[in-house]
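Contents: one structure, followed by commentary.
Where a number appears in this text, it was derived from the coordinates with a stated rule and is not lab data. All figures in this text were calculated on a predicted structure; none of them were measured in a lab. Note: ideal-geometry Cβ built from the backbone for every residue, glycine included; neighbour counts use all protein chains shown.
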């Protein structure tokens with residue numbers, strides 16, 4: 001099983017955008033966070049299926065994402 005890191009960002013125009021650092025061009029947008037998560041999962045499957053059909057190697061996940069909590073004094 002492959003586990004790709006996904007990045008989800010709030011859009012300046014409302015809604016959310018998502019991308020997969022290890023799969024350039026694999027992106028998605030949605031009106032809600034939950035919709036965006038479901039859409040990026042489908043985008044990953046579609047992206048990998050396309051790569052497989054084209055005979056391209058499937059990238060091994062190498063990116064990691066963390067939410068860090070730290071204090072910052074302005």
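Figures for the structure shown
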read-out: Debye intensity ratio I(q)/I(0), log10, the chain, q values 0.11, 0.13, 0.24, 0.28 Å⁻¹ (C-alpha model); value: -0.34, -0.45, -1.10, -1.28
read-out: Mean ellipticity per residue at 222 nm, deg cm²/dmol - from DSSP H runs of n ≥ 4 across the chain, formula -39500 (n - 2.57); value: -10000 deg cm²/dmol
read-out: Pairwise FRET efficiency - residue 45 versus residue 68, Cβ, R0 = 22 Å, nearest 0.05; value: 0.15
read-out: Packing-based ranking, highest mean first, of 17-23, 31-37, 42-48 given that Cβ atoms within 10 Å are counted; value: 17-23, 42-48, 31-37
read-out: Residue-span extension gain [residue 56 to residue 3] - 0.36 nm each, minus C-alpha spacing; value: 17.2 nm
read-out: Over the chain, relative contact order from alpha-carbon pairs under 8 Å, at least 6 apart, %; value: 28 percent
read-out: For peptides 51-58, 2-9, sequence by mean Cβ density within 10 Å, most packed first; value: 2-9, 51-58
